[in-house]
Structure formats: structure tokens, C-alpha cells
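One structure is given below, encoded as C-alpha cells.
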Amino acid sequence: LMDALADQAALAVERVNLVADVEKAKLDAATDRLRTALLTSISHDLKTPLASIMGAAGTLRSFFSALTEEARSDLLSTVEEEAERLNRFIANLLDMTRLESGAIVPNAGLCDVSEVVGSALDRARSILRHHRLEIDLAPDLPMLSIDPVLFEQALFNLLDNAAKYAPEGALVRIEGWSDGAFVTLRVLDEGPGIAEEDRERVFDKFYRVRKGDQVRAGTGLGLGISRGFLEAMGGTLTADGRPDRRGAAFTIRMPVPPQARALKALP
Ligand code: ADP
């Protein structure tokens, strides 16, 4: 009897292994497909600006003396803009790779979050020049234990998206408040918004909601990087809808460290 049981157990183990192997093979095939899709997307994002740069440079070289001053200047602007796009894409790819390999270790210290919001805004001011900007930060927000460089980058990506996806003239609003245990920052815009089924996927690598978004300079990496940075600092980043109107809303929630709570309690 014992032998029969042992045989059956051995058979069961074998079957389990077999199922595991089949599932693993399926998974490998899926990750292979994913890897191919990612590579295709990366090479597209690298080749498109490169093609524009080469085209503009080639035209300049071949027709230099025939071109007007203005046409030359336009071609040079194309070279600059497309090189900047390449640069941003490569920087994003590096950030994403560093995040995934765990190489991003926040250099956290107690920081005044209003100051970090201010410096993110300073950086974003020129890209937001065609939008209306409203800032509503509660006074005396508690200090946060954050890396100001990473936090500013996370916030900048949200402002950059608001500028990219909300039409000119639309209102972009930053709100910040605290309940003592958390600081909440929200970036709200009046663009097309993000459908409920996409609100988690927009954080995935290379995910872009609209095919048309492909033509805008973007990488599909910004939101994933922002979330990765904020999570590395103990916070969260979520996408929400705006119940009262159209547009996207991104919410950052950061825990207030105990030492900052103690500070706040002092007179
Ligand atoms: P990118 O903007 O470079 O494509 P992101 O990771 O920052 O990459 O955003 C992913 C996608 O989420 C965007 O392609 C866009 O479809 C959508 N999205 C992000 N921010 C907004 C926003 N403020 N309004 C509408 N859609 C947005």
C-alpha cells in the first residue's frame, strides 16, 4: 500500500511539474513577445527623432546657399528640438532601468515641500506658458522626508503631461494640504482626462492611451518613473478622474515622518 501511495504521489508531483513547465513556457513566450514589443517601441522612439535630425542636417548641407536665413534657422531648430527629444528619451530610459534594478536610493532628508513644488514650477513655467496656472498650497505644510531632486522630477513629469495633454488656455491647478499624517498634492488639468480603465495602465512602461499621443514628444515612461520615485520615498501616486468636470487629476500622497509631526506640535 505504501508503495502504491508513493507511486501516486510521485505521479502527482510529476504532473504538477509538467503543468509548471507548460505555464513557465507560456510565460516565457509572453515575456518574449513583450520584450519584442518593447524593443520595437524603443527603436521607434529613437529612430523618429534621429531621422528628423538627419533629414534637417542633410537639407542644410545640400541646399545651404539656396536657403533663406529663416529656413536655415527653422532647420536648426528642428535639429535642436529633436536632439532634446532624444536626450529626454534616453534620460527616461536610464531612470527606468535604474529604478527597475533598484539602483535608485533616495537621498532623503527633511524638506519643505512648498519649496520643492516651487522649483518644479520654475522648471515647468516655460512649458506651461500657454496655460493658466493656479497654485493652492495650504500654509505650514509639514516637512517631508524626501529626496528633493527625485520629488521635483516626479512632480515635473505631472506638470509636463498637463502642459502636453491639456489645450492651451486651460487651467492647470496644483493643490496641497495635510491632515497631519499625510501630505496630499494634486495636479489637475482640463484636458481630455484619463478613462477609468486606463488609470492604472498609464503607469505601465511605454503605455500611451491614444495612438495620436505618439505624435507628441513623449515616451510613455514619465508616469512610471514618477510613481517609482515617489514609492521609493514611501509615497503613492494615483490617477483619478474629476467628478465635477473633464480633465485628469494626479494625486501624490506622502507620509509625514514622526520627527516632522513632533516639530509641528511645537509652538
Ligand atoms: P508620455 O506622456 O511620455 O506618453 P507618460 O508615462 O507620462 O508618458 O504618460 C502615459 C500616457 O498617459 C500618455 O501617453 C497619455 O496617453 C496619458 N496621460 C498622461 N498624463 C495625462 C494627462 N494629464 N491628461 C491626459 N492623458 C494623460
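The residues of the stretch 168-181 that are of a type outside the set (V, I, T) and within 13 Å of the ligand (Cβ to nearest atom), listed by number, are A170, L171, R173. For the stretch 107-120, filtering for residues that are crowded, with 18+ Cβ neighbours inside 10 Å and of a type outside the set (G, A, S) leaves 3.
Per-residue answers, yes or no, for (1) open to solvent by less than 30 Å² (accessible area, probe 1.4 Å); (2) within 8 Å of the ligand (Cβ to nearest atom):
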| position | (1), (2) |
| --- | --- |
| L141 | yes, no |
| S145 | no, no |
| L159 | yes, no |
| A162 | yes, yes |
| V183 | yes, no |
| E190 | no, no |
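Of the listed requirements (1) among the charged types (D, E, K, R); (2) within 30 Å of L188 (Cβ to Cβ); (3) surrounded by 13 or more Cβ atoms within 10 Å (Cβ to Cβ), R72 misses just one: (2).
Here's the yes/no breakdown for (1) within 27 Å of T31 (Cβ to Cβ); (2) open to solvent by less than 70 Å² (accessible area, probe 1.4 Å); (3) more than 9 Å from the ligand (Cβ to nearest atom):
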site	(1), (2), (3)
L150	no, yes, yes
A166	no, yes, no
G222	yes, yes, no
D244	no, no, yes
Q259	no, no, yes
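Take L185 and decide whether it is in contact (Cβ under 8 Å) with a residue 12 or more places away in the chain and either hydroxyl-bearing (S, T, Y) or touching a helix residue (DSSP H, G or I) at 6+ places or on another chain (Cβ under 6 Å) (or both). It is false that L185 is in contact (Cβ under 8 Å) with a residue 12 or more places away in the chain and either hydroxyl-bearing (S, T, Y) or touching a helix residue (DSSP H, G or I) at 6+ places or on another chain (Cβ under 6 Å) (or both).
Results for (1) over 25 Å from D204 (Cβ atoms); (2) within 21 Å of the chain's Cα centre (by Cα); (3) at pLDDT 95 or above; (4) of a type in the set (A, V, I, L, M), shown as yes or no for each residue.
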residue: N92; (1), (2), (3), (4): no, yes, no, no
residue: D95; (1), (2), (3), (4): no, yes, no, no
residue: S101; (1), (2), (3), (4): no, yes, no, no
residue: I104; (1), (2), (3), (4): no, yes, no, yes
residue: A120; (1), (2), (3), (4): no, yes, yes, yes
residue: A166; (1), (2), (3), (4): no, yes, no, yes
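So if I check each of S77, S62, which one is open to solvent by 60 Å² or more (accessible area, probe 1.4 Å) and without any contact (Cβ under 8 Å) to a residue 40 or more places away in the chain?
Going through S77, S62 in turn, the sole match is S62.
Whether a residue is within 16 Å of the ligand (Cβ to nearest atom), touching a residue at least 60 places away in the same chain (Cβ under 8 Å) and either open to solvent by less than 40 Å² (accessible area, probe 1.4 Å) or at negative phi (or both) was assessed, and M96 passes this test. Contact map, the stretch 122-146: first residue under 12 Å from A162 (Cα atoms), second residue among the aromatic types (F, W, Y), Cβ cut-off under 9 Å, separation 6 or more or different chains; pairs are A124/F156.
Residues checked against (1) over 30 Å from G169 (Cα atoms); (2) surrounded by 11 or more Cβ atoms within 10 Å (Cβ to Cβ); (3) out of contact with any Asp or Glu (no Cβ under 9 Å at 6 or more places or on another chain):
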| site | (1), (2), (3) |
| --- | --- |
| A29 | yes, no, yes |
| T40 | yes, yes, yes |
| G55 | yes, yes, yes |
| A66 | yes, no, yes |
| E82 | no, yes, yes |
| R125 | no, yes, yes |
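The values are calculated or read from the model by the stated rules, or taken from the named source; none is laboratory data. Nothing here was measured: the structure is a model prediction, and the numbers come from that model. All Cβ positions, glycine included, derive from the backbone under ideal geometry; neighbour counts span all protein chains shown. What goes into the accessible areas is simple: the full protein's heavy atoms, side chains included, and nothing from ligands, DNA or RNA. Shrake-Rupley method; radii C 1.70, N 1.55, O 1.52, S 1.80 Å.
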